[in-house]
Structure formats: C-alpha cells, structure tokens
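Novice: Supplied in structure tokens, the structure appears directly below.
The values are calculated or read from the model by the stated rules, or taken from the named source; none is laboratory data. All values reported here derive from a predicted model rather than from experimental measurement. Here the Cβ positions follow ideal geometry from the backbone for every residue, glycine too, while neighbour counts run over all protein chains shown. What goes into the accessible areas is simple: the full protein's heavy atoms, side chains included, and nothing from ligands, DNA or RNA. Shrake-Rupley method; radii C 1.70, N 1.55, O 1.52, S 1.80 Å.
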Amino acid sequence: MDFQKLAGKYKSELLDSVLPFWLEHSQDKQYGGYFTCLERDGSVYDTDKFIWLQGREVWLFSMLYNKVEKRPEWLECALQGAEFLKKYGHDGNYNWYFSLTRDGRPLVDPYNIFSYTFATMAFAQLAIASDDAGYAAIAKKTFDRVLEKRSNPKGKWCKAHPGTRPIKDFALPMILCNLSLEIEQLIDKQLIDQTIETCLHEVMEVFYQKDLGLIVENVSAEDNSLVDSFEGRSVNPGHSLEAMWFIMDLGKRL
C-alpha cells in the first residue's frame, strides 16, 4: 500500500470536497450556528441545533486554521458558530444545553456532560485561532464545570435509582484524555497533569480488563468491579478505538 498516495487522496477529499460542502451548506446565515442535518445535496431536513455538533464544527474550523492553513473563511466560520453558542448555548452559568431551536431557544436541558466537553474544546481551539481572551475564559469556566460534574455527570437528570446498582461509565474518562490535551495551554499545569494521571488510571487500570483483553463500558462505582448486568457486559468498540487514539496522543506529550 502506498501510504503517501493514500494520504494525498484523503487530504484532497477533505480540502476539496468535504470542507467546501460544510462551509457552503451548514452555516445558518440568518440566525448563526450550523445546520447539521443535511441531505447529500446540502439541503437542510431538520433545523434543530445540537450543542455537541455546534461545538465540533467550531473546533474543526478553528483547528484547521491553527494547524493546516490560516484561511480567513475557516476562521470566520468558527467565529460565527462560537458567537451563537456563546449567546444561546448555555444557561448563563456555563451549563450547556443539549439542543436548541434554529433561533437559539433551549429544547433539551443540560443533562449531558458531552455538551460541556465539546464546548470546551471549541472555545479552547478558537481562543488560539483568534487570540481572544474571552473565548479562553469560556473554555476554562466550562472545563471547571466538567470537573465539578465528573462524579455525577447527569446530576438531577440521572435516571438511576440511588444506591441499588451504582455504576460509572467509560465515556467520560475517555473523552477527558482528549479534552486535557485540547485545553492544556489555557489551564494550570498541575491541574492538567492531575487530570491526565486520573484519566490514564481510569482507562488502563479500571475499565481495561486485562484478563478479557477488553475495555468495558461500565463498572461498579463502589469498587470498580465488573457488574453482572446488561450494562456491565456492554462493550463499545468505537470508544475503545478513541481511547487508544487519545492515549497515543498523551504518550507523545509524556
């Protein structure tokens, strides 16, 4: 396999096809933010705006501007999406909603911590691209909220009855490995090092089951043991792949 040829194909597809499609069709010129429910021809089939995807698109175009090429249209795309999120995406205390109407009215309350994580990544990357201290402050405040909620991510929206079968899931320590690297330039080094150490321990010594050769999706919140239930037997190959990708990035840092 010719990896140079393959890399060129992927680069061409990204820069010449994928990104122009999203620049042209996803930006909401009337209300701000992005349409993410698009047909193959670019037509919009649903106008609801999910904070995960709004944050990911801000991050994407900011990251491209920072690491690939300083194209003004990429920065402009990221900025308009960030302004929409800044104005409508949270409750004023950086509790990030799950979804909004097209014009920014909340649809689903901030029950999901991944709205917070992707907002953190978005504003951290945009702070670098724009050199804007205001965006950096939003990233830092939101990161603090993530750490506050780490032990009970869903808070009052958690459906589990307390005390019967307390479990914790793999998704949060997995994404925190990545989030730590995304925001480390804005955060106290000691806090970042502590967060990374905790995440590595959770991934490699709690959720990774050496005897099974698998990363399980849920363990007991009381003693980190396997849980004999449907949730305890769940395995998410996508999360396992993402975790190893993030840990390789951490390995380069360390």
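Novice: Taking the options Leu14, Leu19, name whichever one is of a type in the set (A, V, I, L, M, F, W, C), modelled with pLDDT of 95 or more, surrounded by fewer than 14 Cβ atoms within 10 Å (Cβ to Cβ) and out of contact with any Pro (no Cβ under 9 Å at 6 or more places or on another chain).
Specialist: The match here is Leu14.
Novice: Now for a different question. Is there a residue being farther than 14 Å from Gln27 by Cβ, part of a loop (DSSP other than H, G, I, E, B) and more than 20 Å from the chain's Cα centre (by Cα) anywhere in region 76-91?
Specialist: no
Novice: Please enumerate the residues belonging to region 157-174 that are in contact with a Lys or Arg (Cβ under 9 Å, 6 or more places away or on another chain) and either part of a loop (DSSP other than H, G, I, E, B) or of a type in the set (D, E, K, R) (or both).
Specialist: Ala160
Novice: Here's something else I'd like to know. Out of Tyr94, Tyr135, Tyr116, report the one residue that is in contact with a helix residue (DSSP H, G or I) (Cβ under 6 Å, 6 or more places away or on another chain) and part of a loop (DSSP other than H, G, I, E, B).
Specialist: Tyr94
Novice: Determine if region 183-205 includes at least one residue that is of a type in the set (A, V, I, L, M, F, W, C) and loosely packed, with under 13 Cβ neighbours inside 10 Å.
Specialist: no
Novice: Looking at region 11-43 only, could you name the residues that are assigned to a helix (DSSP H, G or I) and among the β-branched types (Val, Ile, Thr)?
Specialist: Residue satisfying the conditions is Val18 alone.
Novice: Of everything in region 103-147 that's farther than 15 Å from Glu57 by Cα, without any contact (Cβ under 8 Å) to a residue 40 or more places away in the chain and in contact with a Ser or Thr (Cβ under 9 Å, 6 or more places away or on another chain), which residue is least open to solvent (accessible area, probe 1.4 Å)?
Specialist: Once the filter is applied, the top-ranked residue is Val146.
Novice: Scan region 221-230 for residues that are surrounded by fewer than 15 Cβ atoms within 10 Å (Cβ to Cβ) and either over 10 Å from Lys168 (Cα atoms) or of a type outside the set (D, E, K, R) (or both) and jot them down.
Specialist: Asp223, Asn224, Ser225, Leu226, Asp228, Ser229, Phe230
Novice: Of all residues being assigned to a loop (DSSP other than H, G, I, E, B) and among the acidic types (Asp, Glu) in region 190-232, which is nearest to Leu250 (Cα to Cα)? Just the residue, please.
Specialist: Restricting to residues being assigned to a loop (DSSP other than H, G, I, E, B) and among the acidic types (Asp, Glu), the top hit is Glu217.
Novice: Go through region 169-182 and give me each residue that's in contact with a strand residue (DSSP E or B) (Cβ under 8 Å, 6 or more places away or on another chain) and open to solvent by 10 Å² or more (accessible area, probe 1.4 Å).
Specialist: Scanning region 169-182 gives a single hit, Asp169.
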